[in-house]
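The values are calculated or read from the model by the stated rules, or taken from the named source; none is laboratory data. On a predicted model such as this, the values are computed, not experimentally measured, just so you know. Here the Cβ is made from the backbone with ideal geometry for all residues, glycine too, and neighbour counts use every protein chain on show.
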């Protein structure tokens, strides 16, 4: 098959180049339409009970993650001139297209009692605007008496204040997000320039905008770095500009195919798919490295370019295809998850791994036949003495020091296992941004002064219409809110309870001590005042906190970005037990479904429930979904690798020998993560599956070479191992060095997850090189007795011998091309 493919590629090289050019032009045309994603990935299964409840919450109460906050702690903001600038900022922000509301100190509302009409009236505290510092101070003191705003808009202990800016979700989830954020930041920067007051920005809309911009910037940066690093590696390997320029051109075409595929599939560029172009560059260059290294070896034998390239294809075609197939497995297994971002990543990366193979196996031979033949200087890399010495040292260890190898390996495995035991799974909402970034520093400001900005929601279902306004239910919610305020990572909650307390305070003419729930007698008077409010005004006031039937109440609060472990501990060990205590009792049956707790009285059919929901909980749960999915994907990758090895070699021994040198690197890297406190999260869990697909390439390459040399050396295992280490080891080292530096570029990412992905992937590949060049040969020496069984149906069966058998077919089919190449080579050599 591969001999016929070699003949076809050589004979039809011009039509094939033209066909690929047309197809690539089409993909480039489609690539121009590729878009960025503007939404956080929804990774929780659609039929998960918590996701289903969140959707219902979203439909009922609206978006919970669309508030951007701008905060400050500077006493000068309470000076008249600066307070006027703050008022202007609030008005200007409210006029920004895409902003639906702005709540800030200058536009706070006061509720007062109208004794004549026996109703409550609302008015802005700072209207008319104060004309003197004395008037301003008097109004600020009035704000301090309104406890509803304490911890929400102003921290009376530290003097910090904030603006809460609500953004239309339609703008957040589209390309218009950038325009909204830019307009907001322009206004806040202008305020800071005028007043010299530093503003801190935070909130999910801001974080998402920053991350979207950085994803786009880093995709371009890493693509450029990947091309530069692989280009330098190629030049150091081959000392030829043509061996740099044309492989990079081929890889650039593959990148166009990646972007075109994303567009054709209707996907968008996310944090994961944004990495694929650079990854394709890194994993695609080894194809060219294998082909060119073998081309140079063949050309040195006989000096004919056409014959050399034809033999390269027939000799290496299957091996390189299998290498790409095993690499693709590391991506394709993600297609079997029900998580959209992993599925898209798997589809695009898996498909384009095979595209890269096709581009390489066609264009490298087709292009290099037309180029000048390699010079003696360019062939010197075949005699690299330093590399030879290293491989000879490995050969010495394998043949003479196997006991040391096994002992050292066992010690490393024990140490790695200990590290894996210490490994923790922790994720944060802004996990991917560096600690020293302005986003994290601003987030720390809000966590210090307001306890956090990440949304957390609690919904109380009273089990009956208008049950929210019944005092027993209000008191239960108040008891829960009092508990919530004792938790240092939670903000002051806001709900119907606070509104009723404010109404009670207003009923008693603003008396601070009256900020409380009314008793049974007061309730009738206060609710009679509320009943006389205009219906539209009442609905507007309540619709964010109570559903249309008055049966469900929303308690909205914010939480610090403390990580999944601490948040889970808060919910499981503190919050849920408190809810059970408040709503439970001896005559109450309690059941749970996800984060919803149901309370049913044994003597009644009426059921009440308390549900925990919100973007933060879904994000944390989504990360756990990802980690679990990546674990199953790793298992699937192992199974796929086993099936490929069985298919290639037809022996169970090959399976065991293949897995050992590939499991050890994963175990050691897991141990490294445990010892150095690198958390297991989606970005770091991703490396294990991808790395397995790549590292097994070296195993297959070495085993295939060993199978051939075993026959060539009369079934002498020692000689076959020595030959394989020295000869196969060269291309394995070239490939690993390229991959090591290629993945190493991700260490320069501003995203913590991407940085960890790059460092850990590079480390895994480096460890895998040594396990495949030391542990794998040692296992073969110890357990392969040299008894050779000819599996006639095994695809890899003395592939070098097969290529020799098919040499006559190559020579006959390409006789004219070989003859022309001989004449051209002579002319080209004269030019060099």
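Every residue, every condition in (1) assigned to a loop (DSSP other than H, G, I, E, B); (2) at pLDDT below 95; (3) farther than 21 Å from residue 202 by Cα, yes or no:
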position	(1), (2), (3)
70	no, yes, no
96	yes, yes, no
101	no, yes, no
110	no, yes, yes
113	no, yes, yes
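Identify all residues within region 118-156 that are on the phi < 0 side of the Ramachandran plot, surrounded by fewer than 14 Cβ atoms within 10 Å (Cβ to Cβ), part of a loop (DSSP other than H, G, I, E, B) and in contact with a helix residue (DSSP H, G or I) (Cβ under 9 Å, 6 or more places away or on another chain); write none if there are none.
Within region 118-156, 127, 131, 132, 156 meet the criteria.
What number of residues within region 725-750 satisfy the criterion of being under 20 Å from the mean Cα position of the chain (by Cα) and surrounded by 24 or more Cβ atoms within 10 Å (Cβ to Cβ)? Walk me through how you get there before you give the answer.
Taking region 725-750 as the starting set, the residues that turn out to be under 20 Å from the mean Cα position of the chain (by Cα) are 742-750.
Checking which are surrounded by 24 or more Cβ atoms within 10 Å (Cβ to Cβ) leaves us with 742-743, 746.
The total comes to 3.
Would you check if residue 49 is modelled with pLDDT of 80 or more and more than 18 Å from residue 363 (Cα to Cα)? Steps first, answer last, please.
Values: modelled with pLDDT of 80 or more: yes; more than 18 Å from residue 363 (Cα to Cα): yes.
Yes; evaluated as a whole, the condition is true for this residue.
Sort out which residues of region 591-623 are over 18 Å from residue 52 (Cα atoms) and in a strand (DSSP E or B), and write them in order of number. Steps first, please.
First pass over region 591-623, keeping only residues over 18 Å from residue 52 (Cα atoms): 599-608.
Residues satisfying the conditions are 599, 600, 601, 607, 608.
Return the residues of region 160-184 that are within 30 Å of residue 75 (Cα to Cα) and either out of contact with any strand residue (DSSP E or B) (no Cβ under 7 Å at 6 or more places or on another chain) or not in a helix (DSSP H, G or I) (or both); say none if nothing qualifies. Don't jump to the end; show me each part of the working.
So in region 160-184, the residues within 30 Å of residue 75 (Cα to Cα) come out as 160-167, 180-184.
Matches in region 160-184: 160, 161, 162, 163, 164, 165, 166, 167, 181, 182, 183.
For residue 22, which of the numbered conditions (1) in a helix (DSSP H, G or I); (2) modelled with pLDDT under 85; (3) surrounded by fewer than 18 Cβ atoms within 10 Å (Cβ to Cβ) fails to hold?
(2)
Farther than 30 Å from residue 79 by Cβ, in contact with a helix residue (DSSP H, G or I) (Cβ under 6 Å, 6 or more places away or on another chain), at pLDDT below 90 and surrounded by fewer than 21 Cβ atoms within 10 Å (Cβ to Cβ): does that describe residue 248?
On the way: farther than 30 Å from residue 79 by Cβ: yes; in contact with a helix residue (DSSP H, G or I) (Cβ under 6 Å, 6 or more places away or on another chain): yes; at pLDDT below 90: yes; surrounded by fewer than 21 Cβ atoms within 10 Å (Cβ to Cβ): yes.
Here the answer is yes, as residue 248 does meet what is asked.
Out of the residues in region 337-368 meeting the condition of being farther than 25 Å from residue 322 by Cβ and buried (at least 18 other Cβ atoms within 10 Å of the Cβ), tell me which one is modelled with the lowest pLDDT.
339
Within region 672-680, identify whether any single residue is under 26 Å from residue 389 (Cβ atoms), within 31 Å of the chain's Cα centre (by Cα) and at pLDDT 85 or above, and answer yes or no. Break it down stepwise before answering.
So the first thing to find is which residues in region 672-680 are under 26 Å from residue 389 (Cβ atoms), and the list is none.
The answer is no, given that none of the residues of region 672-680 is under 26 Å from residue 389 (Cβ atoms), within 31 Å of the chain's Cα centre (by Cα) and at pLDDT 85 or above.
Among 308, 328, which is touching a residue at least 24 places away in the same chain (Cβ under 8 Å), buried (at least 21 other Cβ atoms within 10 Å of the Cβ) and in contact with a helix residue (DSSP H, G or I) (Cβ under 6 Å, 6 or more places away or on another chain)?
Numbers: 308 fails: touching a residue at least 24 places away in the same chain (Cβ under 8 Å).
Of the residues listed, the single one that is touching a residue at least 24 places away in the same chain (Cβ under 8 Å), buried (at least 21 other Cβ atoms within 10 Å of the Cβ) and in contact with a helix residue (DSSP H, G or I) (Cβ under 6 Å, 6 or more places away or on another chain) is 328.
Among 430, 413, which is touching a residue at least 40 places away in the same chain (Cβ under 8 Å) and either closer than 24 Å to residue 160 by Cα or in contact with a strand residue (DSSP E or B) (Cβ under 7 Å, 6 or more places away or on another chain) (or both)?
430
Can you tell me which residues in region 253-271 are assigned to a loop (DSSP other than H, G, I, E, B), touching a strand residue (DSSP E or B) at 6+ places or on another chain (Cβ under 9 Å) and buried (at least 20 other Cβ atoms within 10 Å of the Cβ)? Before you say what the answer is, go through the steps one by one.
If we filter region 253-271 for residues that are assigned to a loop (DSSP other than H, G, I, E, B), which is where we start, we get 265-268, 270-271.
Narrowing the set further to residues that are touching a strand residue (DSSP E or B) at 6+ places or on another chain (Cβ under 9 Å) leaves 268, 270.
Listed by number, the list holds a single entry, 270.
Helices (runs of 4 or more DSSP H) wholly in region 445-559 with at least 3 residues that are touching a strand residue (DSSP E or B) at 6+ places or on another chain (Cβ under 7 Å) - which ones?
On the way: elements: 471-484, 496-507, 520-531, 535-542.
Helices (runs of 4 or more DSSP H) meeting the threshold: 471-484, 496-507.
Can you tell me which residue in region 191-245 is modelled with the lowest pLDDT, limited to those that are part of a loop (DSSP other than H, G, I, E, B) and surrounded by fewer than 16 Cβ atoms within 10 Å (Cβ to Cβ)?
241
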